[in-house]
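This is the structure I have questions about; it appears just below.
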Amino acid sequence: MYDLIIIGSGPAGLSAAVYGVRAGLKLLVLEQNPMSGGQILNTYEVDNYLGLPGISGFDMGKCFRDHADRLGVPFAECRAQEIIDDGGIKTVRTRRENYEARAVILASGAQHAQLGVPGEEELSGMGVSYCATCDGAFFRGKTVAVVGGGDVALEDAIYLARTCGKVWLIHRRDELRGAMILQEELKALPNVEILYSHTVERIQGEDSVESLLVKDGKTGEERELAVSGVFIAVGIRPNSELVKDMADCDEAGYVLAGEDCASSCPGIYVAGDIRRKPLRQVVTAVADGANAAVAAGDFIRRSQIPLS
């Protein structure tokens, strides 16, 4: 029996673990991946986290995990399959065993959204990628495309432009959504060309990506772009399946919770990218984890459920 189970060990989950163990809670962190850090591990450079300008995402994730390890936070490498709430104790089912706790923090993050166009699934891993820092080295000197207009898309395009011969940035709107400093850096690169108001209609190729069929949203004109790879950065989808039938969610699947990170299900908290909020960044995930851990401890005390 635990006071608190935390599902996920990205920035939100690790922050919750640090605050929880410092508050004297008996807790356990469940992580299905071999490494902690979540999506931040695939980020080439983080330049907006206070006090750590220019740190790589991998190094940041390692720092976060090292902090938790120094405090003796216990981890179990397993995938949570179900949360059962009997009105008091929560049971988290995994393939190997079940864990019981008085409260649960779901910090399971999100995954990359797909375009949903022909060729995307068929050529995934054969030129279709969702991680520029993971796969960009395979396209040195080649022509590639990035799809999207937010911070991640701009960061990917800037990163790829350092080694690729040419980078197309394809965005469905007539202006980019990413931070202005990223826009300025991107537009100054001589080997980047932006296609505004365009969508990808089809990803084409036999054994690997060879071209994209793109469409001008204003004129309806279609054209082919010869590319060797396409990096898709069109948003994320929350990993909220464990609580979608227990807690209130919006139409996109994000769990509704305030600054205390409490869901509509008593004793279930959400932190990080899974929670509906206007800004999803490492700094807000870390803040969520802290708030969720404090709120969970308060919930246990208010419920007169004895702490360990």
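Which condition number in (1) in contact (Cβ under 8 Å) with a residue 40 or more places away in the chain; (2) more than 18 Å from the chain's Cα centre (by Cα); (3) at positive phi is the one that G54 fails?
(1)
For the stretch 57-90, which residues satisfy the criterion of being among the aliphatic types (A, V, I, L, M) and either under 19 Å from the mean Cα position of the chain (by Cα) or crowded, with 17+ Cβ neighbours inside 10 Å (or both)?
M60, A68, V73, A80, I83
What number of residues within the stretch 261-299 satisfy the criterion of being among the hydrophobic types (A, V, I, L, M, F, W, C), in a helix (DSSP H, G or I) and either touching a strand residue (DSSP E or B) at 6+ places or on another chain (Cβ under 6 Å) or free of Cβ contacts under 8 Å to residues at least 60 places away in the same chain (or both)?
Here the count works out to 4.
Another one. Do we have L28 as crowded, with 24+ Cβ neighbours inside 10 Å and under 21 Å from I84 (Cα atoms) here?
no
With (1) assigned by TED's automatic domain parsing to the domain that holds L25; (2) on the phi < 0 side of the Ramachandran plot as the list, and E224 as the residue in question, which single condition is left unmet?
(1)
Does Y49 satisfy the criteria of being closer than 19 Å to A132 by Cβ and outside any helix (DSSP H, G or I)?
Considered against the rule, which asks whether it is closer than 19 Å to A132 by Cβ and outside any helix (DSSP H, G or I), Y49 comes out as no.
Taking only the stretch 221-245 into account, find how many residues are in contact with an Asp or Glu (Cβ under 8 Å, 6 or more places away or on another chain) and acidic (D, E).
Here the count works out to 1.
Let me ask something else. Out of (1) touching a strand residue (DSSP E or B) at 6+ places or on another chain (Cβ under 9 Å); (2) part of a loop (DSSP other than H, G, I, E, B), the odd one out for D69 is which?
Failing condition for D69: (2).
Continuing with the same structure: Inspect the stretch 16-30 for any residue being in a helix (DSSP H, G or I), in contact (Cβ under 8 Å) with a residue 60 or more places away in the chain, under 27 Å from E155 (Cα atoms) and aliphatic (A, V, I, L, M) and give the result as yes or no.
So far as the stretch 16-30 goes, no, none of its residues is in a helix (DSSP H, G or I), in contact (Cβ under 8 Å) with a residue 60 or more places away in the chain, under 27 Å from E155 (Cα atoms) and aliphatic (A, V, I, L, M).
Same structure again: Scan the stretch 188-226 residue by residue and report those that are among the aliphatic types (A, V, I, L, M) and out of contact with any His (no Cβ under 9 Å at 6 or more places or on another chain).
Within the stretch 188-226, A188, L189, V192, V200, I203, V209, L212, L213, L225, A226 qualify.
In contact with a Leu (Cβ under 8 Å, 6 or more places away or on another chain), at pLDDT 95 or above and not assigned by TED's automatic domain parsing to the domain that holds A145: which single residue out of A257, A271, A287, A292 fits that description?
Answer to the check: A271.
The values are calculated or read from the model by the stated rules, or taken from the named source; none is laboratory data. Fair warning: this is a prediction, and the values are worked out from it, not measured in the lab. Here Cβ is always computed from backbone atoms with ideal geometry, including for glycine, and neighbour counts include all displayed protein chains.
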